[in-house]
Structures are given as structure tokens and as C-alpha cells.
1. If I filter the range A:116-138 for residues that are under 29 Å from B:His101 (Cβ atoms), free of Cβ contacts under 8 Å to residues at least 60 places away in the same chain and either in contact with a helix residue (DSSP H, G or I) (Cβ under 8 Å, 6 or more places away or on another chain) or hydroxyl-bearing (Ser, Thr, Tyr) (or both), do I get at least one hit?
2. Considering only the range A:4-36, state which residues are open to solvent by 50 Å² or more (accessible area, probe 1.4 Å) and within 30 Å of the chain's Cα centre (by Cα).
3. Within the range B:21-42, does at least one residue satisfy the condition of being in a loop (DSSP other than H, G, I, E, B), in contact (Cβ under 8 Å) with a residue 24 or more places away in the chain and more than 14 Å from every other protein chain (Cβ to nearest Cβ)?
4. Filtering the range A:1-20 down to residues that are at the interface with chain B (Cβ under 10 Å from one of its Cβ atoms), assigned to a loop (DSSP other than H, G, I, E, B) and more than 26 Å from A:Asn93 (Cα to Cα), which residue is modelled with the lowest pLDDT?
5. Filter the range B:111-136 for residues that are open to solvent by 30 Å² or more (accessible area, probe 1.4 Å) and either aliphatic (A, V, I, L, M) or within 21 Å of B:Glu62 (Cα to Cα) (or both) and give the result.
6. Which condition number does B:Leu88 fail, the rest of (1) at the interface with chain A (Cβ under 10 Å from one of its Cβ atoms); (2) open to solvent by 30 Å² or more (accessible area, probe 1.4 Å); (3) touching a Phe, Trp or Tyr at 6+ places or on another chain (Cβ under 7 Å) being met?
7. If I filter the range A:43-76 down to residues being more than 9 Å from every other protein chain (Cβ to nearest Cβ) and in a helix (DSSP H, G or I), which single residue comes out as surrounded by the most Cβ atoms within 10 Å (Cβ to Cβ)?
8. Identify the residue in the range A:92-110 that is away from chain B (no Cβ under 14 Å) and of a type in the set (D, E, K, R) and, among all such residues, is least open to solvent (accessible area, probe 1.4 Å).
Protein chains: 2
Amino acid sequence: MLEIPAGDHLERRVCHACNVIHYENPRIVVGCVPEHEGRILICRRAIEPRLGYWTFPAGFMENGETLEAGAARECLEEACARVDILSLLAVVNIPDARQVHVFFRGRLPDGRHAVGPESLETRLVEPSELPWDEIAFPSTEFALRTYLSDRATGSREVHLTTLSRRIGGHGKMPAP
Amino acid sequence: MLEIPAGDHLERRVCHACNVIHYENPRIVVGCVPEHEGRILICRRAIEPRLGYWTFPAGFMENGETLEAGAARECLEEACARVDILSLLAVVNIPDARQVHVFFRGRLPDGRHAVGPESLETRLVEPSELPWDEIAFPSTEFALRTYLSDRATGSREVHLTTLSRRIGGHGKMPAP
């Protein structure tokens, strides 16, 4: 049940059966934009939310791993692809989803990929082939656009921004 | 109790009284190095772990806030100080603590501070007065050293690293 524990100032989920306070803090989503010889690896989601839409490999960070290890694990799980994590690309606040998304630049050493259990399809595409109208999340679009923009200029900037979880608002995304 | 939910691959805390799966993911600690006219605001911890040791204001990010808002809130709570969050300073993996620490550069517009409920003492100190032998955590020391090093060169780099939660190993910290 929800109550304010002694010495705290916010409501927490307290389970009197387990006798445990379950603090619920923002969750970290980790991912990378994996490149192989100029092409980008994308996956079509086999799970909700946004089933059927496209993203690069990303998912919830697990306990005991680093951000980089989590991003590489997601690439292996969703696209059966080994990736070298290069540099930090973007840190995105999604306060209405209680999430922070952390994305890296990545490189596929051999370019091999295959459909993992959470994907319907995986593809290595040229930037001109990216399905902008079928991108899963605002943070996915932000990371892809900043990735390509930085690649064009050789920048290795880290982009910090705040976005809504709301989907379908791509037209309102700031230009990178 | 701990069990592996259907479709998952890791043990999770499942409460059959509440009928809820409590996913436990890494927690985010947010903070900032607040500067006022060349001096740094530090707090002596009134709570465990590391009671009595020094840190800059930092703590667990809460649901519904951004990283920047969380860092400013912690500065207000721990040192009763209003801070302007400037740029991203460091992202630190602490896998053995199941945490990611995200620290910003900050500026105190008026330099006012006071002891908050989680602090024994707050001080604005010159870099030469920082109590290096009494710093609370490895990530605190890492952020302070990179902050001062960047300030000397005018760099606004974002530093990504992995540290242990283990305290008392300051001698092994890499030079910034």
C-alpha cells in the first residue's frame, strides 16, 4: 500500500506482507546507435509499447551492469549483434515516463545481425532509408537525428535534453 | 519472494499479497558541484553511509523530475542553497552499488547556504581547502577532481567512468 515511511517525505509502496519499502525511482533505458560501414542497425519492435515501430536496440538497464554493458546486451538480445560501444551520444530525461534514456554511438565489427525474441525484423539501412514516419519513440528520433548530424560534422558532443513519452509528436521535435 | 516471471529471464521480487512484480533496476544519484565566486559548496553528511564525511549535494533522483531538477532539489534540501544547473560534468557507473551517478556543474547565484536536515555542516571552500582525506565516496572525489581540472583548462567535457562503491580506496583513483 502507499504510505509515507518515517523520516521520508514522499509516498512509497510499503508491503506489510514482505515488510519491505519498495522505493520506485526513475528507470534507466540504455541503448546504442550501431553503425556498420555507414549503415545503421534498426529493429522493428515485437512488443508493446509501439509494436511494429522501428528503433535502435535499447531497453532497461539491469542491476550489476554498466551503462555500456547494458547497451551492448540489448543489441545482442534484440538484434543478435555484437557491438563495440564507442562514445556517449545522448542523455534524455523523460519525466512523464519516469525514465532517463542514455544512448551511445556503437560500431558493429562484423555487421552480422538477426531477429531477437523482442524484434519482428532487423535491418542495416542507409540513413536515407530510415523510416522516419515509423520511429518508435521521440527519444529514438532525437538520438538518430543527433547521431547523423554529429557524424556529418565529426562532432562527439553529448546531447542532454528533456522529451515527453508522448508518441506521434514527431513534427514538434526540435531540429538537431 | 524471488522468482522468474513468465517471459522474463531474471529473478524479480514478486509480492503475491500485492500481486505486483517489483522490478529492481539501477538507481540514479544526481548532484552538482556548486560554485560561487571560485569557491565550492560542500556538505558534511549527517546520515549513513559515510556519516561525517564531505560531499557536494547529491541524492536519489525522484520520479517525475529531470536530472537537472533533481540535482537542484538536492542542493536545496542538503544545503538550503538555490543553484543554477549549468552543464553535464560526469556520468559514473557504480555497478556494485547498482547505481549510476550523474553530476552537473552548478553556480550559486547568491552564495547563500545553510545546514539542511541531512547535513551536519555546509561550507563554501577554496579548492585548496577541500578535505581530500574526508571525502564521502569515490564518485565524489572523481567529480571534484574533474571539475577543478576542467575549470583550469576551460573544458566542458562530459566524463564517463566506472568506479567501485568501495570507500577508502582514494589512493587508487586515476588522476583526472
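The values are calculated or read from the model by the stated rules, or taken from the named source; none is laboratory data. Just so it is clear, the model here is predicted, and its values are computed rather than measured. Neighbour counts run over all protein chains shown; Cβ positions are idealised from the backbone, glycine included. Accessible surface is based on the protein model in full, side chains and every heavy atom, while ligands, DNA and RNA are left aside. Shrake-Rupley method; radii C 1.70, N 1.55, O 1.52, S 1.80 Å.
1. There is at least one residue in the range A:116-138 that is under 29 Å from B:His101 (Cβ atoms), free of Cβ contacts under 8 Å to residues at least 60 places away in the same chain and either in contact with a helix residue (DSSP H, G or I) (Cβ under 8 Å, 6 or more places away or on another chain) or hydroxyl-bearing (Ser, Thr, Tyr) (or both).
2. Step one: list which residues in the range A:4-36 are open to solvent by 50 Å² or more (accessible area, probe 1.4 Å), which gives A:4, A:6-7, A:9-11, A:13, A:16-19, A:21, A:23-24, A:27.
Across the range A:4-36, the qualifying residues are A:Leu10, A:Glu11, A:Arg13, A:Ile21, A:Tyr23, A:Glu24, A:Arg27.
3. Yes, the range B:21-42 contains a residue that is in a loop (DSSP other than H, G, I, E, B), in contact (Cβ under 8 Å) with a residue 24 or more places away in the chain and more than 14 Å from every other protein chain (Cβ to nearest Cβ).
4. Per the stated criteria, the residue is A:Gly7.
5. Once the filter is applied, which keeps residues that are open to solvent by 30 Å² or more (accessible area, probe 1.4 Å) and either aliphatic (A, V, I, L, M) or within 21 Å of B:Glu62 (Cα to Cα) (or both), the range B:111-136 yields B:Ala114, B:Val115, B:Pro117, B:Glu118, B:Leu120.
6. For B:Leu88, the exception is condition (2).
7. Step one: filter the range A:43-76 for residues more than 9 Å from every other protein chain (Cβ to nearest Cβ), giving A:43-59, A:71-76.
The next check asks that each one be in a helix (DSSP H, G or I); those that pass are A:71-76.
Values: A:Ala71: 27, A:Ala72: 23, A:Arg73: 17, A:Glu74: 25, A:Cys75: 30, A:Leu76: 14.
This residue is A:Cys75.
8. Taking the candidates together, the pick is A:Asp110.
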